[in-house]
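S.K.: Structure below; questions to follow.
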Amino acid sequence: MENDKDKDDKKDKKMYLQVADVATMGVAMAISIVLGLIGGMYLDHYFGTEPIFTLVFIFCGILAGFRIMYKTYMRFFSDN
């Protein structure tokens, strides 16, 4: 009887960890874009090249966000 309870506890714990892992994808995407925006704006202000660094770093932030989402997605579905 206790063995079944241990299996259920491990299954529940794994499910909660997977849900938490997937829930972080949106936050990671937003943070990477915002960091790219802030870094690009800072460099544009420092060098006086208004849209160049901001656009490049926003694009890099979007790519980084999608990379994080892809890795999380693959980790989530490779366990199943």
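The values are calculated or read from the model by the stated rules, or taken from the named source; none is laboratory data. Since the structure is predicted, the reported quantities are computational estimates derived from the model, not experimental observations. Please note: Cβ atoms are built from the backbone with ideal geometry, for glycine as well, and neighbour counts cover all protein chains shown.
S.K.: Among the residues in region 11-24, are any surrounded by 12 or more Cβ atoms within 10 Å (Cβ to Cβ) and in contact (Cβ under 8 Å) with a residue 60 or more places away in the chain?
M.R.: Yes, there is a match, as at least one residue in region 11-24 is surrounded by 12 or more Cβ atoms within 10 Å (Cβ to Cβ) and in contact (Cβ under 8 Å) with a residue 60 or more places away in the chain.
S.K.: Among residues belonging to region 33-80 that are of a type in the set (Gly, Ala, Ser) and within 27 Å of Leu17 (Cβ to Cβ), point out the one that is modelled with the lowest pLDDT.
M.R.: Per the stated criteria, the residue is Ser78.
S.K.: Among the residues of region 32-60, count how many are out of contact with any helix residue (DSSP H, G or I) (no Cβ under 7 Å at 6 or more places or on another chain) and in contact (Cβ under 8 Å) with a residue 24 or more places away in the chain.
M.R.: Counting residues in region 32-60 that are out of contact with any helix residue (DSSP H, G or I) (no Cβ under 7 Å at 6 or more places or on another chain) and in contact (Cβ under 8 Å) with a residue 24 or more places away in the chain gives 1.
S.K.: How many residues are among the aliphatic types (A, V, I, L, M) and under 12 Å from the mean Cα position of the chain (by Cα) if we restrict to region 29-80?
M.R.: 9
S.K.: Moving on. With respect to Asp9, is the statement that it is over 17 Å from the mean Cα position of the chain (by Cα), at pLDDT below 95 and of a type in the set (Asp, Glu) true?
M.R.: Considered against the rule, which asks whether it is over 17 Å from the mean Cα position of the chain (by Cα), at pLDDT below 95 and of a type in the set (Asp, Glu), Asp9 comes out as yes.
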